[in-house]
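Report on the following structure.
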Amino acid sequence: MNITMIGLGKLGLPVAEVMAQHHTVRGYDISPNIRSDVINIKWSMIEACAEADIIFVAVPTPHDAQYGGETPSSHLAFKDFDYTALRSALTQIKQWAPPTALIVNISTVLPGTLRPIITRLDIQDRFCYNPYLIAMGTVAQDFIHPDIMMLGFDCWPTDQHQSQANTLCAFYDSIQHNNKHITCGTWEEAECIKIFHNTYISAKVGIANMIADVTARIGHANPTVIAESLRHADRIVSNKYMEPGMGDGGPCHPRDNIALSWLAQRLNLGYDLFHAIMDAREQQAYLVAQQLCEHDLPIHILGRSFKPNTDLTDGSTALLVGHYVKESFARAVTYDAVSDDPAVYLLAHDRSYQDVKFAQGSIIIDMYRHMPQDREDVEVIWYGVKR
């Protein structure tokens, strides 16, 4: 295939050189100092895009220099990435690329960024967001051996985008020979997967380093021993607890975080991840209560206990949601009861509610997105899916 790589920096150049081992690759970069023995570097966008089947875009989407992390930055005003180079590159590609070329952006953007840019350029019918999960220093190897891959399109599925996804998968299969997990969806879904992958790693690193900060102060403990044990815990290293839904609950987790906030202060760590976790848990419950109260119907919550198959209500997020319904919105709430009249229901447990007979005209807010949305008797809202 004829491949073009726009942007030959830390990401684009090593990836393009791997691609060139299997395909004809042209490259373009605004810097005149880029050199390569394996790709055909062009000195104009017109030359680079000519006759391309797929055009990859790997231009920088940088933060301000102050936000790199080399110096303190958490106190600075929040800023988005700078998309100037991306907008410029896409505008030129639209002008010079063959109308049949598939345009694939691999540069990182925040969720919600691409739709207004791509729609304004009117290239949504041939644009894919396909960010890579790579680490500096091992870019080529990470590109050859990805664990997951995301392909984002304007909408999914359509016959046209399915065909484009097939083209990309065939292209990658000519280079990558591992059994990777591929997710095809919308631009927004791909944007979220990329950025939440990175920030999840940051959270893991922060928690691991917190172990060392605690053991350094309490004594008689080796953080490596603790971390090695936790690496064998199925709940931590498996895919458990990665389904968005209700907040953490039970007789242990919430109170443990609260107690650890006290310990962080006593040990003078200077930071408190635990308070941030609990604050997020409470705000998330408030947002669920807010959505329940948007509807002028009686409010019912199905799933009063903190999880299915138990009657325990210790740390129940359902009760926390009910608290906000009553205290913040002055509405009444009923638990684990189904009305003969229309009502708004919160399905708080990760299980099927297909056997429940809801009154016609009811509104169902499904936290785990199990109930079909095509029911005619009730309106089903999948929490987290914008209507």
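The values are calculated or read from the model by the stated rules, or taken from the named source; none is laboratory data. Because the structure is a prediction, the values reported are computed rather than measured. Note: ideal-geometry Cβ built from the backbone for every residue, glycine included; neighbour counts use all protein chains shown. Remember, those area values only see protein heavy atoms, side chains included, never the ligands or the DNA or RNA. Shrake-Rupley method; radii C 1.70, N 1.55, O 1.52, S 1.80 Å.
Here are the numbers:
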{"item": "Spatial extent of region 228-385: Rg and Dmax, with the Cα atoms as the point set, Å", "result": "17.5, 57"}
{"item": "Across Lys180/Lys307; Lys94/Lys386; Lys307/Lys357; Lys240/Lys357, pairs whose alpha-carbon gap is larger than 27 Å", "result": "Lys180/Lys307; Lys94/Lys386; Lys240/Lys357"}
{"item": "Burial ranking of peptide ranges 290-299, 212-221 (average Cβ count within 10 Å, highest at the top)", "result": "290-299, 212-221"}
{"item": "Largest to smallest principal axis extent of the C-alpha atoms in the chain, angstrom", "result": "67, 63, 40"}
{"item": "For the chain, accessible area per residue (1.4 Å probe, heavy atoms of protein chains only), Å²", "result": "55 Å²"}
{"item": "Accessible carbon and sulfur surface of region 249-380 relative to its total accessible area, %, 1.4 Å", "result": "47 percent"}
{"item": "Top positive-direction residue, dipole computed over the chain with Cβ charges, set Ala16, Ser328, Gly152", "result": "Ala16"}
{"item": "Compactness relative to 2.2 N^0.38 Å, alpha carbon Rg of region 14-86", "result": "1.46"}
{"item": "Lys42 accessible area, assembled protein chains, probe 1.4 Å, Å²", "result": "40 Å²"}
{"item": "Ratio of the Cα radius of gyration of region 1-139 to 2.2 N^0.38 Å, where N counts its residues", "result": "1.08"}
{"item": "Förster-model FRET efficiency, 30 Å R0, Glu294 and Asn239, C-beta, rounded to 0.05", "result": "0.40"}
{"item": "Most to least packed among 65-78, 99-112, 157-170 [average Cβ atoms within 10 Å]", "result": "99-112, 157-170, 65-78"}
{"item": "Area accessible to solvent at Val237, 1.4 Å probe radius, in Å²", "result": "90 Å²"}
{"item": "Dipole magnitude of region 83-168 about its Cα centre (Cβ charges: Lys, Arg +1; Asp, Glu -1), debye to nearest 20", "result": "320 debye"}
{"item": "Local electrostatic count, Ile236, Cβ distance below 13 Å [Lys/Arg +1, Asp/Glu -1]", "result": "+2"}
{"item": "Column: log10 I(q)/I(0), Debye, Cα scatterers of region 138-237, q = 0.13, 0.15, 0.17 Å⁻¹", "result": "-0.68, -0.80, -0.90"}
{"item": "Relative contact order (%) - criterion: Cα under 8 Å, at least six apart; region: region 74-211", "result": "26 percent"}
{"item": "Gained length - His323 relative to Leu273, 0.36 nm times residue gap less alpha-carbon distance", "result": "15.6 nm"}
{"item": "Estimated [θ] at 222 nm from DSSP helical runs (n ≥ 4, -39500 (n - 2.57)) normalised by residues in the chain, nearest 500", "result": "-11500 deg cm²/dmol"}
{"item": "Fraction of accessible area attributable to carbon and sulfur, region 100-204 (%, probe 1.4 Å)", "result": "56 percent"}
{"item": "Percent of Cα pairs exceeding the 15 Å cut-off, where the set is region 239-281", "result": "47 percent"}
{"item": "At R0 = 30 Å, FRET efficiency that the Cβ-Cβ distance of Asp53 and Asp82 yields, to 0.05", "result": "0.50"}
{"item": "Accessible area, probe 1.4 Å, largest first, for residues Phe81, Phe153", "result": "Phe81, Phe153"}
{"item": "Percentage of interatomic Cα-Cα distances in region 188-266 larger than 18 Å", "result": "59 percent"}
{"item": "Computed label-point distance, nm, for sites Ile201 and Gln176 using a 7 Å Cα→Cβ extension", "result": "1.4 nm"}
